[in-house]
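The structure under discussion appears below in the form of structure tokens.
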């Protein structure tokens with residue numbers, strides 16, 4: 001799958017990301033982006049197993065939390081770093097659109113994964129992605145991304161079963177050119 005930059009995605013729950021560019025670095029590709037988040041919106045607790053994620057607040061107030069720690073906040077000009085393997089979430093804690101710039105490194109399947117996730121959310125019309133697309137993404141890219149608040153039984157039984165049923169029903173044709181996951 002080829003993605004040209006800039007590449008913008010938007011979901012139905014108040015998040016817009018524009019991936020500006022990708023640069024080669026010795027530590028792996030670095031994808032630069034800016035995001036715009038409506039008040040109260042932001043992703044659920046999640047983990048990037050392989051990528052560091054960095055945000056600098058340009059406008060607004062960012063709420064963020066590392067799993068197991070208290071909530072924290074960042075204002076304009078402040079930079080937040082989420083290291084790979086650390087479960088975290090963030091949200092717009094202000095009354096205006098939150099605008100951040102930043103990067104993810106190494107990029108791996110990050111742009112594809114988020115693009116497909118936002119499309120699956122738009123398909124369902126809510127924060128939870130459409131069932132079959134969500135199962136596909138969580139199964140195929142489990143070595144790269146995780147949602148730690150999903151119960152283990154759901155991750156180990158329900159999601160793989162849903163993925164299998166989706167495969168049997170031919171639900172994944174639109175993922176034909178999906179990049180290989182990083183193992």
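The values are calculated or read from the model by the stated rules, or taken from the named source; none is laboratory data. Being a predicted model, the structure only gives us computed values, none of them experimental. Quick reminder, even Gly has a Cβ in these numbers, built from the backbone with ideal geometry, and neighbours come from all protein chains shown.
What to note about this one:
- Condition check for residue 13: more than 22 Å from residue 141 (Cα to Cα), modelled with pLDDT of 95 or more, in contact with a helix residue (DSSP H, G or I) (Cβ under 8 Å, 6 or more places away or on another chain) and outside the structural domain of residue 130 (by TED's automatic domain parsing): yes
- Count - residues of the stretch 104-144 that are out of contact with any strand residue (DSSP E or B) (no Cβ under 6 Å at 6 or more places or on another chain) and outside any helix (DSSP H, G or I): 13
- Inside the stretch 155-183, residues that are more than 27 Å from residue 67 (Cα to Cα) and surrounded by fewer than 14 Cβ atoms within 10 Å (Cβ to Cβ) make up a count of 11.
- Residue 117 being exposed (fewer than 15 other Cβ atoms within 10 Å of the Cβ) and not assigned by TED's automatic domain parsing to the domain that holds residue 27: no
- Among the residues of the stretch 156-175, at least one is in contact with a helix residue (DSSP H, G or I) (Cβ under 6 Å, 6 or more places away or on another chain), at pLDDT 95 or above and in a loop (DSSP other than H, G, I, E, B).
Residue-wise test of (1) in the same structural domain as residue 51 (by TED's automatic domain parsing); (2) over 21 Å from residue 177 (Cβ atoms); (3) touching a residue at least 24 places away in the same chain (Cβ under 8 Å); (4) in contact with a helix residue (DSSP H, G or I) (Cβ under 6 Å, 6 or more places away or on another chain).
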| site | (1), (2), (3), (4) |
| --- | --- |
| 97 | yes, yes, yes, no |
| 140 | no, no, yes, no |
| 143 | no, no, yes, no |
| 147 | no, yes, yes, no |
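- The single condition from (1) touching a strand residue (DSSP E or B) at 6+ places or on another chain (Cβ under 7 Å); (2) within 24 Å of residue 149 (Cβ to Cβ); (3) free of Cβ contacts under 8 Å to residues at least 12 places away in the same chain that residue 69 fails is (1).
- Test: residue 152 is outside the structural domain of residue 84 (by TED's automatic domain parsing), surrounded by fewer than 14 Cβ atoms within 10 Å (Cβ to Cβ) and within 23 Å of residue 65 (Cα to Cα): yes
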